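To start, the structure under review is shown below, and the notes come after it.
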Amino acid sequence: MKEMESTCVRVKEVYDWMETRTCKELVRRVLVPNSTSEAEECICIPYYVRNDSEDPSPIYTTVGLNAVESCYAVTHTCTGNCELTILVNGKEETSLASGDTHLAEKDHLESITILPDPYGQGCKGTLTLDISYSAGSPAREFQRRELPCYLTTAEGTILTSAGADTFYWQIEKTSEQRSFPLRDGSRVLLNKISAAFRTHVTVDIYDRAGDVVTPCTFPVEIEETYYLCAPDGCKFEGYVTEFLPNAYVIPAEENGCVCLDIHLSLCISHRMKAFGDRTAAIRGALCSPREDIPLPCTPPPVSIC
């Protein structure tokens, strides 16, 4: 029979731990994304307009475009003495004699039309239109609705679980202490531990038609206070045991721009643990003793709460 022998090993001793649940409401405002397109066109239009025509002849119309910001040049050349009236968005803007050029900018260009001099003998020639524009897509419509919400990285990659690497913790033991009663009527003095953990939540934003407009990723920071038995020199470890995000959207308006208020509802179960490294002396018939601490050893005393 193997003789009894002594050895020392390092072990982790938990002095105290606390688990709690935090629910928090956050509101984030985002602008509705809107796509734009840039283009340039050069249009040469041969025309013949009778002088007895009372209706303007259209030469350019922004069909199917929601908003056009434009810079355009209209050049008029013809044979003979012919004058044209240029109308932009249905309103008279200028008159052009043969060889003249009209340069202008327009925030919302819809149409350009021409009308001949009613006292002339008709007008025949070529009209050149150089135009550059940016056109915005039609405004999307939104309604109040729940939105898919995920625990993610800062880049928006979905995380399947609330693991140890999911949250970034900052933990600080303060000098503040508080006395708490025990069941037997005595009291215990516990240390205040301030902690904050950070992560990211991504929300998929849908419009009224059910199309995904864009995913939005928001940083989330939760601050919490724990009171624990935490002797000098101990260490702390915090981790989240459950993370339940919820989100819904409410359309809003700010300075004439359509915005969305994203309401985040977070319910988080989290735990804080105070522990220390201890040396334990073990006596027995050991098959494979750990020799990480040389003998003889004496476990140091630890002041506890």
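The values are calculated or read from the model by the stated rules, or taken from the named source; none is laboratory data. Predicted, not measured: the structure shown is a model, and the values here were computed from it. Glycine also receives a Cβ, built like all others from the backbone with ideal geometry; neighbour counts cover every protein chain displayed. Only protein heavy atoms, including side chains, enter the accessible area calculation; ligands, DNA and RNA are left aside. Shrake-Rupley method; radii C 1.70, N 1.55, O 1.52, S 1.80 Å.
Values computed for the structure shown
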read-out: Odd one out for residue 191, checked against (1) more than 20 Å from residue 222 (Cβ to Cβ); (2) open to solvent by 30 Å² or more (accessible area, probe 1.4 Å); (3) not small (Gly, Ala, Ser); value: (2)
read-out: Conditions (1) part of a strand (DSSP E or B); (2) touching a residue at least 12 places away in the same chain (Cβ under 8 Å); (3) farther than 14 Å from residue 148 by Cα; number of the one not met by residue 244; value: (3)
read-out: Filter result (aliphatic (A, V, I, L, M) and under 22 Å from residue 276 (Cβ atoms)) within the range 192-243; value: 193, 195, 228, 230
read-out: Residues of the range 211-229 satisfying the condition of being open to solvent by 10 Å² or more (accessible area, probe 1.4 Å) and under 15 Å from residue 246 (Cα atoms); value: 215, 216, 217, 218, 219
read-out: Residues being open to solvent by 20 Å² or more (accessible area, probe 1.4 Å), touching a residue at least 40 places away in the same chain (Cβ under 8 Å) and outside any strand (DSSP E or B) - total across the range 197-210; value: 2
